[in-house]
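Notes follow the structure.
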Amino acid sequence: MHERRGRPRPHHRTAFTFLRAQAAEDFDAYAAFYGSERSRGMGGPLDRPAPRAFATELGHVQLRGYGFWMADVTATGETVGRGPVNP
């Protein structure tokens, strides 16, 4: 498992993408997305994206192993999106 701050997190790596559970460090990107027009189909845009909603998503993946994951480019580590991963 991928580790951050000593805690294992679910992940899946391919040659092109690295899917990983969200981390606290992803909140700024989360807030920027939900504050933009791009989030219109996902309940946004929001005036002030709530840290509580983000924390709920973090906990859901840790407890259940599925939910919203981040998608990074394997070669560069650049985060390019997020989406649901369900068993």
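Before rounding to the nearest 500, sum -39500 (n - 2.57) across all DSSP H runs of length at least 4 in the chain and divide by the residue total; then give [θ] at 222 nm in deg cm²/dmol.
Helix contribution divided over all residues of the chain: -7500 deg cm²/dmol.
Of all the accessible heavy-atom surface of the chain, with the other protein chains kept in place and a 1.4 Å probe, what percent is carbon and sulfur? Could you put the intermediate results ahead of the total?
Values: 3310 of 5920 Å².
Reported share for carbon and sulfur atoms: 56 percent.
Taking only the C-alpha atoms, wrap a convex hull around the chain and report its volume per residue in Å³ as a whole number.
106 Å³
Before anything else, pin down the relative contact order of the chain: Cα pairs under 8 Å, at least 6 apart, normalised by residue count, whole percent.
In percent, rounded to a whole number, it is 27.
Can you list residues whose amide H is under 5 Å from residue 85's amide H, if they're 5+ apart or on another chain and H is modeled 1.01 Å from N?
67, 68, 69
Count the net charge of all other residues whose Cβ sits under 13 Å from the Cβ of residue 84, scoring Lys and Arg as +1 and Asp and Glu as -1.
+1
Between 0 and 90 degrees, rounded to the nearest ten: what's the tilt of helix 51-64 against the longest Cα principal axis of the chain?
Taking Cα atoms only, the helix is inclined about 30 degrees.
Report, in debye and to the nearest 20, how large the dipole of the chain comes out about its Cα centre when Lys and Arg carry +1 and Asp and Glu carry -1 on their Cβ.
Using Cβ point charges on Lys, Arg, Asp and Glu, the chain gives about 280 debye.
The values are calculated or read from the model by the stated rules, or taken from the named source; none is laboratory data. Just so we're clear, the structure is a prediction, and the values are computed from it rather than from any experiment. Please note: Cβ atoms are built from the backbone with ideal geometry, for glycine as well, and neighbour counts cover all protein chains shown. The protein model used for the area step is the full one, side chains on, heavy atoms only, and it has no ligands, DNA or RNA in it. Shrake-Rupley method; radii C 1.70, N 1.55, O 1.52, S 1.80 Å.
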